[in-house]
1. Would you please list the contacts, defined by Cβ atoms under 9 Å and residues six or more apart or on different chains, that run from a residue in the stretch 9-38 that is closer than 10 Å to L58 by Cβ and in the same structural domain as P85 (by TED's automatic domain parsing) to a residue that is assigned to a loop (DSSP other than H, G, I, E, B) and among the aromatic types (F, W, Y)?
2. Go through the stretch 221-248 and report how many residues are touching a residue at least 60 places away in the same chain (Cβ under 8 Å) and crowded, with 21+ Cβ neighbours inside 10 Å.
3. Out of the residues in the stretch 261-270 that are without any contact (Cβ under 8 Å) to a residue 12 or more places away in the chain and within 23 Å of the chain's Cα centre (by Cα), which is surrounded by the fewest Cβ atoms within 10 Å (Cβ to Cβ)?
4. Can you name the residue in the stretch 190-244 that is of a type in the set (S, T, Y) and closer than 30 Å to E355 by Cβ and is also modelled with the lowest pLDDT among such residues?
Amino acid sequence: MTNLDFTIRHTVLVVDDTPDNLYLMKTLLKDHYRVKVANTGRQAIAITASDSPPDLILLDIMMPEMDGYEVCQQLKKSPTTKDIPVIFLTSRSDVEDEEKGLELGAVDYITKPISPSIVLARVKTHLALKVMDDFLRDKNHFLELEVAKRTREVSAVQDVTILAMASLAETRDSDTGNHLRRTQFYIKALAERLRDHPRFSAFLTTSNIQAIFKSAPLHDIGKVGIPDYILLKPGRLEPHEYEIMKTHTTLGYKAILNAENALGIPVEFLSFAMSIALSHQEKWDGSGYPQGLAGDAIPIAARLMAVADVYDALICRRIYKKPMSHESAMKIMLEGRGTHFDADMLDAFIEIQPEFIAIAQRFADSDDDLKRKMHSKEMVDAAVAANHPD
């Protein structure tokens, strides 16, 4: 017998408090398996919990301190040992004893005095079954990992596709730069701040926040349909031009709706994308567009985007305006509390000003923009304190 032959053999643990029984079973099994022995239940548990657990256990019932039933019960409770097959090998021959052993999780029950050929046959059968179980378990684990991997890949493709689609609209306006990424992270930060708020906690679940984050870049996708002479106009829009500009909300909504209809199945993040694209220009007091929604009739995701979108528009350069400082933007945002913006959302925005500033710095369009957006910690702290004197 070579060392290789020995190491690949299955290991059988024999547990019995009688030395003669241990010797008998070891002699019977040693030509076929690697054999370990234990003369107490506690020793058996220690062996199964080691780095070299057995592949199968032959377990006596009547032992002092800890009987076989208790040993089996403890083995089946542990995630590391619950899959090791246990065969009771005992002189207790009552049907009730056998039923109890099988109910505890044993795979078989053999009574003494034993028939050597029966013991060898049953051990062989249950080891073969364990090999198959282990194979299927490993295969299922592999498949779970593959599914998780494919899911991540699909999600990554979705994210890239969304950003690519949204960037088509942004590239038509050279001044918007990293607007997509900034608003995406603004809206996530604001949603996470509000997730425990009694008005929003039922809606702002982890999965919904992730879906909002994923869909946020599509909020201005409808700008693809706005003529260049309006979209890129450096001065104030004429009333009729402004009416055309406002249609970017419905154009975006219809584009996303058509995409979902083409798929033939509802897609969660696309439903958020539609509500954001259509309603992010609505105002709390009902003076927004395109539907003139007011208050809680405005979807929560769209209300979040309104805060993120307006703040970013104020602090960044546009073809028709220069960038504002954070301090100046905050004054305008505060003026819109309860009129343009949901008051609770604006209060949360005020509380996390430093996070918005950090996001603006992280995704700044240029070094000059970064300098304009940067403020000392003292200025930010002063702004927070001024709005929340408590």
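The values are calculated or read from the model by the stated rules, or taken from the named source; none is laboratory data. Just so you know, these numbers come straight off a predicted model, no measurement behind them. No Cβ is skipped: glycine too gets one built from the backbone with ideal geometry, and neighbour counts run over all protein chains shown.
1. V12/Y33
2. Residues that pass the stated criteria total 0.
3. Only one residue tops the list, namely I265.
4. Let us first name the residues in the stretch 190-244 that are of a type in the set (S, T, Y), namely 201, 205-207, 215, 229, 242.
Add one more test, that the residue is closer than 30 Å to E355 by Cβ, and what stays is 201, 205-207, 215.
Details: S201: 96, T205: 96, T206: 95, S207: 92, S215: 88.
Of everything passing the filter in the stretch 190-244, S215 is modelled with the lowest pLDDT.
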